[in-house]
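One structure is given here, and the rest of the page talks about it.
The values are calculated or read from the model by the stated rules, or taken from the named source; none is laboratory data. On a predicted model such as this, the values are computed, not experimentally measured, just so you know. Note that each Cβ is placed from the backbone with ideal geometry, even for glycine, and that neighbours are counted across all protein chains shown. Heads up: the accessible areas ignore ligands, DNA and RNA and are worked out on the full protein's heavy atoms, side chains in. Shrake-Rupley method; radii C 1.70, N 1.55, O 1.52, S 1.80 Å.
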Amino acid sequence: MRVNKIVWLGLGLATIALVVALIWVRKTSSKIEEPSLPTSITIEGPPLPTVKTPPAPESEPRETHAKDWPKHAVWYQIFPERFRNGDPKNDPTAEYSRVPEQVRSKWRITPWTKEWYSMDDWEKEIASDAYGSMHHRRYGGDFQGIIDKLDYLKDLGVTAIYFNPIFESSSLHKYDARSYHHADPHFGPDPKADQALIAGETADPATWKWTAADKMFLELVRQAHTRGIRVILDGVFNHCATDFFAFVDLKKNQEKSPYTHWFHVKKFDNPATPENEFDYDGWWGVKAMPEFSEVTDEKGRKNLDPEVKAYLFAITKRWMDPNGDGDPSDGVDGWRLDVANEVGTGFWAEWNDYVKSINPLAYTVPEIWVEAQDFMREAKFDGVMNYYAFAMPIKGGMIHETISTRDFLRLIEGRREKFSWDEALRHQNLFDSHDTDRFPSMLVNRNRPYFAKEDAFGYDGDLWAGSAEKPYLIRKPKPEERKLQRMLTLFQVAYPGAPYLYYGVEAGMWGADDPDDRMPMVWSDLQFEPQKISPAGQPARNDDINFDADLHAFHKEVLALRKKHPELVDGSMRMLGGNNQTRTFAWVREGARPQLAVFNRNPEPQTHTVFLKEWGQDKKFTPTFVSSGTLADVQVSTQGDALRITLPGWTGALLSTD
């Protein structure tokens, strides 16, 4: 989670500005140290580099082991409120969504296909532009809509879904939960009955009931499993909402509340005075998100308060083994953990042990934006959301090209090699998420230097499209930018680690950072209004945002490569040179049928040379996949022990042995 979620809580602009400034200072004050690069890596060619990652042990068969499913995963992130409205009868109400009183009578669910920057009449009464009212919009995405589209995901090649929070919350993003033991009632079929059913529940699991929304989510999990798709949930175990059931009791009963230890209370209210002196710690000072209490445990580690920990363990078991029979097959397959490095590793180590006791095959992954290998191991996570060792190097080396081809390869390989080979294969290799601008829009803005600097190469920088001082272009990607998108998607599929798609990238979606990265999913059966309105005086446009069938077909084909060529999943990795002048590079994923991946970041055709004799490989390579154009566009020739591959500009290709 990043600070942009705070905007949706309806805080004052001054508070938002202060928090944004604090977070930006926080992100930039701890300089991201570059890894020390192994001197054995030679990225220029020739001569050929000698670095080689180890193959899987020969004693293990190549087919997927149950414990290795994260290595074989194709991840797809779903933001539930914006994925699909499958049941308009359960749409959120203005009251539940905390819409301002003065417009509640006029407020309505925003039509799914409406132009993003256009404003309804009720919005114009509370804001001067769309950015001032978007956090009050609801589009009605729900569990039924997701169930309806599981076949779409399976057909695309998705094998694992990460859901942004599904838990009970009035916000659109759900990172400020009212509870973690219930799904949001408006994601299910009967919101009114659900809210009545759960009245009076406490932290005691014996008081918890299964609502209609809870049951529908479990049905979603069941149907995903029947299609070979695993599911992980977003756990926000650092903070909650002010209407979280325990905090509500604390506010009401003050020091007499049974939940006084759950939060760090600075001062209780004195009923003898007219003022309300009640004060407590909020996430980064934001009172709308009270932080759970942290303690130092008997081992000297940071941990959560024992009562909070007991509650979080209980909800973990509830969603992982819903019927409590010891068989976790009816529950979720793991967790993504929000702001994980803001919770002590003492808690995470114990919690991860508990998760594995419920389901030894479960996968847990932290949100972390900095060098993560030590934290990951100490906290006992299985992998990481690979911002630091994948997304950021891509941003600097392949999108903005603020570093050379060779330095890019040194950087991404150096960061990868901070992890063991087994760890690296379990990472979620992502370009973007709900916390960043969308990948295609990164490409549109690739030549804007104020988004390319700093050690993270401007990744997730101050990317507000409403800024007139630092314009972030929100236009539709041009064909050449789509070409680069395809090339980098092949890179993602062929590189060690599990490819990760943010919803809609395969359908052509683009957008700036939050809130523009959370537009409603485009579907082929819906006709969307064109985007004509541009914020901050950006150029006029008439952008067709409808479903991109060609781009979808490309993603389906490129994702299938991992199943077709298992070497792309766990085959050992050998770099085969990079050239600063041509801006080309290659690597091979070795195994029974080695897969040679070659890339040309140059807009013009270029030739990359691989020396087979030094590599010790005498097999013939034939193009089997190209990111754009046809296989005939990939020219392969040999001269002595030199294999020469000529590619069109901004193109990647996969070559296989006969």
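Just to be sure, is Gly140 closer than 28 Å to Lys532 by Cα, in contact (Cβ under 8 Å) with a residue 24 or more places away in the chain and within 27 Å of the chain's Cα centre (by Cα)?
Numbers: closer than 28 Å to Lys532 by Cα: yes; in contact (Cβ under 8 Å) with a residue 24 or more places away in the chain: yes; within 27 Å of the chain's Cα centre (by Cα): yes.
Yes: the conditions hold for Gly140.
How do the helices (runs of 4 or more DSSP H) wholly within the stretch 530-623 filter down when requiring 2 or more residues that are open to solvent by less than 50 Å² (accessible area, probe 1.4 Å) and among the aliphatic types (A, V, I, L, M): which remain?
549-559, 567-570
Can you find, within the stretch 285-304, the residue that is surrounded by the fewest Cβ atoms within 10 Å (Cβ to Cβ) among those that are more than 28 Å from Arg98 (Cβ to Cβ) and charged (D, E, K, R)?
Glu298
Considering (1) open to solvent by 10 Å² or more (accessible area, probe 1.4 Å); (2) touching a residue at least 24 places away in the same chain (Cβ under 8 Å), say which one Val248 fails and leave the rest.
That leaves (2) as the condition not met.
Quick check: is even one residue across the stretch 99-122 within 23 Å of Lys287 (Cα to Cα), out of contact with any helix residue (DSSP H, G or I) (no Cβ under 6 Å at 6 or more places or on another chain) and part of a loop (DSSP other than H, G, I, E, B)?
Yes, because at least one residue in the stretch 99-122 is within 23 Å of Lys287 (Cα to Cα), out of contact with any helix residue (DSSP H, G or I) (no Cβ under 6 Å at 6 or more places or on another chain) and part of a loop (DSSP other than H, G, I, E, B).
Spot the failing condition for Phe292; the list is (1) in contact with a helix residue (DSSP H, G or I) (Cβ under 8 Å, 6 or more places away or on another chain); (2) at pLDDT below 95, and only one is missed.
(2)
Any idea how many residues of the stretch 461-484 are open to solvent by 40 Å² or more (accessible area, probe 1.4 Å), touching a helix residue (DSSP H, G or I) at 6+ places or on another chain (Cβ under 6 Å) and without any contact (Cβ under 8 Å) to a residue 24 or more places away in the chain? Give the steps one after another, and end with the answer.
Looking only at the stretch 461-484, we keep the residues that are open to solvent by 40 Å² or more (accessible area, probe 1.4 Å), and these are 462, 464, 468-470, 475-476, 478-480, 483.
Next, only the ones that are touching a helix residue (DSSP H, G or I) at 6+ places or on another chain (Cβ under 6 Å) stay: 468, 470.
Filter again for without any contact (Cβ under 8 Å) to a residue 24 or more places away in the chain, leaving 470.
Summing the residues that are open to solvent by 40 Å² or more (accessible area, probe 1.4 Å), touching a helix residue (DSSP H, G or I) at 6+ places or on another chain (Cβ under 6 Å) and without any contact (Cβ under 8 Å) to a residue 24 or more places away in the chain in the stretch 461-484 gives 1.
Could you please tell me which pairs satisfy a Cβ distance under 7 Å, a separation of 6+ or placement on different chains, a first residue in the stretch 524-553 that is farther than 19 Å from Tyr131 by Cβ and touching a residue at least 40 places away in the same chain (Cβ under 8 Å), and a second residue that is of a type in the set (S, T, N, Q) and in a loop (DSSP other than H, G, I, E, B)?
Leu526/Thr113; Gln527/Thr113; Gln527/Asn546; Phe528/Thr113; Phe528/Asn546; Pro530/Asn542; Phe547/Ser524
Only one of these is part of a helix (DSSP H, G or I), open to solvent by 10 Å² or more (accessible area, probe 1.4 Å) and either more than 20 Å from Val598 (Cα to Cα) or β-branched (Val, Ile, Thr) (or both): Arg446, Arg406, Arg415, Arg377. Name it.
Arg377
Mind checking which residues of the stretch 251-282 are within 17 Å of Thr202 (Cβ to Cβ), free of Cβ contacts under 8 Å to residues at least 24 places away in the same chain and surrounded by 15 or more Cβ atoms within 10 Å (Cβ to Cβ)?
Residues satisfying the conditions are Ser257, Thr260.
For the stretch 604-658, which positions are of a type in the set (Phe, Trp, Tyr) and farther than 16 Å from Arg486 by Cβ?
Of everything in the stretch 604-658, those that are of a type in the set (Phe, Trp, Tyr) and farther than 16 Å from Arg486 by Cβ turn out to be Phe611, Trp615, Phe621.
Looking at the stretch 43-101, which of the residues that are surrounded by 16 or more Cβ atoms within 10 Å (Cβ to Cβ) and touching a Leu at 6+ places or on another chain (Cβ under 6 Å) is modelled with the lowest pLDDT?
Restricting to residues being surrounded by 16 or more Cβ atoms within 10 Å (Cβ to Cβ) and touching a Leu at 6+ places or on another chain (Cβ under 6 Å), the top hit is Ile43.
Could you check the stretch 123-173 and list, in sequence order, the residues that are β-branched (Val, Ile, Thr), assigned to a loop (DSSP other than H, G, I, E, B) and open to solvent by 10 Å² or more (accessible area, probe 1.4 Å)?
Scanning the stretch 123-173 gives Ile126, Thr159.
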